[in-house]
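This report concerns only the one structure given below.
The values are calculated or read from the model by the stated rules, or taken from the named source; none is laboratory data. Predicted model, so just to flag it, every value in this text is computed and none were measured. Here the Cβ is made from the backbone with ideal geometry for all residues, glycine too, and neighbour counts use every protein chain on show.
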Amino acid sequence: MIRLTNIGLSFGAQLIFKNMSWHLCPEERVGLIGPNGAGKTTLLQILLERQLIDAGTIRRTKNMAAGYLPQDRINLTGKPLLEETLTAFDSVLKLEREIHSLQNEIDAAAKSGKNTAALLDRLGKIQQLFEHADGYRLESEAKKILKGLGFTEDDWQRETSTFSGGWQMRIALAKLLLQRPNLLMLDEPTNHLDVQTTEWLENYLQNYDGAFILVSHDRYFLDRTVKKIVSLERGGLQIYHGNYTRFEQERKKRIEIQWGEYYRQKEEIERIQKFIDRFRYKATKAAQVQSRIKMLEKMPLLESPEAESHVFFHFPPAPASGKLLIATENAEKYFAEKQVFANVSFRCDRCERIAIVGVNGAGKSTLCRILAGIDTEHKGEIFKDNRLKIGYYSQDIADRFSGDTTVLTEAQSHAETISPKQVRNVLGAFLFSGDDVNKPTRILSGGEKSRLALACILFQPVNLLILDEPTNHLDLQSKNVLSEALNSFDGGIILVSHDRYFLDNIVNRVMEISHGDIRQFWGNYTDYMQKKETERTSAAETAVLQSSLTSPKDSGQPDNGRKKTRRQKRLEAEQRNRRFQLCKEHEIRLRKLETEIEKTEREKEILENRLADPATFKRGEGVWQLQVDFHQTTKILQQLYQQWETVAEKIEEINNGL
């Protein structure tokens, strides 16, 4: 489809690409990755012929049709949602308008007695073109994709200007998917999607019949969609076959090999140089010395493997507090007369990591604003520890960076007790090095503003972090380091994110907001999804069993004292057997859980006794590890209790259903 050969591009003194070559084949599924600033978006612009190059050649096949979704800056106005989405088929809609026009002409000609043969012939040809383009299915296909991206039927006639920026990006994505170009280029498509729509897009792309290039920092998304990773490194690119997980494994091996080759060459150069230095002035060795000098001159020097530069930091120790940091009781929130959520009651203790999940618009950000004390227009009680100190990161926090203050002055304004040198060190860890600290904040990119906002939170000690989508615009390496920092933080964390891998590595409880209600699940995000899937399966099984009880022939009508027929007896026996088989597996699991609970309770009791023994603290050694073990055992025990309740509820549902 596209062949790039020896591409070179610089912006001023900054080298972007050097002798870069790449051949993109039809139906390839590519994940384009690299740290922020490596040139991912620039490469897409080159492929679209929107960016001139300094050197090299680009060749494209004649039939290539490319579709592109940028990261942001989509602004749609003037049309209702469905009508705007259908503009993706302007050429087909033009045929439809011509069909209507010809039909009107034919009717008028027939009434006046004129010959309509030519008009009918033209109408037949246009209708054939319209049918070939699936014109009669356009609207249903558009509605299907819009629903997949989270829109409802109530949105069909909403004017596009009334949608937020994130929803406008979804409209643009819907139009692009409807066009089905043979090369699809999506730049951070999941930034504006919730988990449910991200999973829908994954399924859609898995069945896409063209090629696509995805720029994404969501490793789960890449793992489930792409079959090749193109990594931008040092002005060039490296190609790895497989998904992102395979890329990490292969890249680690490749770097190990590169280091081995680099050190072997270095040793060889040192050996040759020693020979040259030793015999440089011996006439009998002159020819051999000259031969080795020429050998060194011709030897292509290997570069050392690139050391990745990414965020590395630790949060300051959390100030002292009680066990309970914050709690809500029957919290309710309304916008005008619309209820966002009701009866929200939960607590966050020190060292807890809670994920808040739900579709866009469910109220996740609103709840974060209430907990942070930003939104005070709500009902219900909020209880806070009197020593509570909150670090709050919102999705729009970066928008405040719009003035002429520099990165350094903005950071210093949040770091009253930290020396200027320490401030610079932290900014360097967040990829603001050298003259970058003197940039006015108004010209920063979205990713740079996000990193600066996170750095500003870092400067002040807190014991509760409330983070609303902190990973937007962070690259994969920065996400990993932020994840490590959050895991070492000794306060509480309340986290909203649509990055499933990020959540999996941090949280130990999931709060789901759905249709104004809230449910809580122990475990990480994968545990939560498994429990949801189990609930769906159990509900489906129960529905099937209940349906079998009310079948048309045996609908549960009274038998008026008559004896049961053989068919009725057989059905009842089948139902009992079905109930037994369904319950059997769950009962085995229940017994295993009870054994695990008893064992864990004994372990917890032993740890409690050791911690209650004054001699433990007199010795001093191992106290910290005992506390860690006690906390971990308590956490495991809570998860086991929750699992036991879930399995017991399933058994009860099956028995009630029968």
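Please specify each residue of the stretch 404-435 satisfying the condition of being acidic (Asp, Glu) and in contact (Cβ under 8 Å) with a residue 24 or more places away in the chain.
If the condition is that a residue be acidic (Asp, Glu) and in contact (Cβ under 8 Å) with a residue 24 or more places away in the chain, then Asp404, Glu410 are the ones that fit.
Can you tell me which of Phe335, Phe341 is farther than 30 Å from Lys252 by Cβ and either exposed (fewer than 15 other Cβ atoms within 10 Å of the Cβ) or in contact with a His (Cβ under 6 Å, 6 or more places away or on another chain) (or both)?
Phe335
Condition first: in contact with a Lys or Arg (Cβ under 9 Å, 6 or more places away or on another chain) and not polar (S, T, N, Q). Now tell me which residues in the stretch 517-527 satisfy that.
Within the stretch 517-527, Phe521, Trp522, Gly523, Tyr525 qualify.
If we keep just the residues of the stretch 416-435 that are in contact with a helix residue (DSSP H, G or I) (Cβ under 7 Å, 6 or more places away or on another chain) and at pLDDT below 80, which is farthest from Gly391 (Cα to Cα)?
Leu431
Would you confirm, using the coordinates I've provided, whether Ile374 is assigned by TED's automatic domain parsing to the domain that holds Leu486, without any contact (Cβ under 8 Å) to a residue 40 or more places away in the chain and β-branched (Val, Ile, Thr)?
yes
Which ranges mark the helices (runs of 4 or more DSSP H) fully within the stretch 442-528 that have 2 or more residues being in contact with a strand residue (DSSP E or B) (Cβ under 7 Å, 6 or more places away or on another chain)?
Output list reads 446-458, 476-488.
Which condition breaks for Phe489 when tested against (1) under 18 Å from Leu325 (Cα atoms); (2) at pLDDT 90 or above?
That leaves (2) as the condition not met.
From the residues in the stretch 225-246 that are of a type in the set (Lys, Arg) and over 24 Å from Lys18 (Cβ atoms), which one is surrounded by the fewest Cβ atoms within 10 Å (Cβ to Cβ)?
The residue in question is Lys227.
Taking the options Val311, Val340, name whichever one is β-branched (Val, Ile, Thr) and modelled with pLDDT under 85.
One residue alone meets the criteria, Val311.
Would you point out the residue of the stretch 332-368, among those that are in a loop (DSSP other than H, G, I, E, B), hydrophobic (A, V, I, L, M, F, W, C) and in contact (Cβ under 8 Å) with a residue 24 or more places away in the chain, that is farthest from Glu199 (Cα to Cα)?
Only one residue fits best here, namely Cys351.
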